Amino acid sequence: MTDEVGQDLVLDAARALRGDLEQVVGSPEPHSDAVELDRRLAALLAVANTGSDVKEELHDLLLSDTKTRGWYLGFLSHGMPPDLVLTRESGPPGSGEPVSVPKFCCPGGDMTWYRRSVGQNAPRCSIHDLALDPC
Ligand SMILES: [Zn+2]
């Protein structure tokens with residue numbers, strides 16, 4: 001299956017999952033699964049940012065956890081977090097048009113976050129301790 005999925009899309013999914021981690025995996029308490037997953041994703045993205053191919057490893061990681069699998073497959077279908085894809089009343093879930101929302105990126109290239117509502121503040125990248133910029 002990974003042959004059909006582009007490396008860029010897998011990397012985009014990994015960056016966006018870091019931004020959505022709390023919704024998808026749960027609150028990142030110390031030593032929790034979310035913290036461990038965030039650390040592994042960031043480590044693989046750091047390797048990817050040096051030009052190495054980590055698509056297979058990221059793909060396997062994102063598919064291996066039941067909490068991330070559905071989100072990840074949705075991202076692969078639409079190129080964005082599945083909750084941002086409007087569902088048409090007549091169609092199957094996730095068949096609608098993507099919603100356009102402001103997007104923010106870590107300058108270090110390892111995290112993407114989508115602003116769902118106007119009052120939300122962009123999170124900071126826990127790896128680089130940087131505020132995310134509009135991108
Ligand atoms: Zn970062």
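Just so it is clear, none of the values below were taken in a lab; they were calculated from the coordinates. For clarity, every value in this text was computed on a predicted model and none was experimentally measured. Methodologically, a virtual Cβ is constructed for each residue, glycine included, from the backbone with ideal geometry; neighbour enumeration extends over all protein chains shown.
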Practice prompt. Would you mind listing how long the chain runs along its three principal axes, going by Cα atoms, in whole Å with the largest first?
Written response: 42, 39, 27
Worksheet item: Quick one: putting +1 on the C-beta of Lys and Arg, -1 on the C-beta of Asp and Glu, what dipole do you get for the chain around its Cα centre, in Debye to the nearest 20?
Response: 400
Item to complete: Using only the C-alpha atoms of the stretch 1-45, find the volume of their convex hull and express it per residue in Å³.
Response: 74
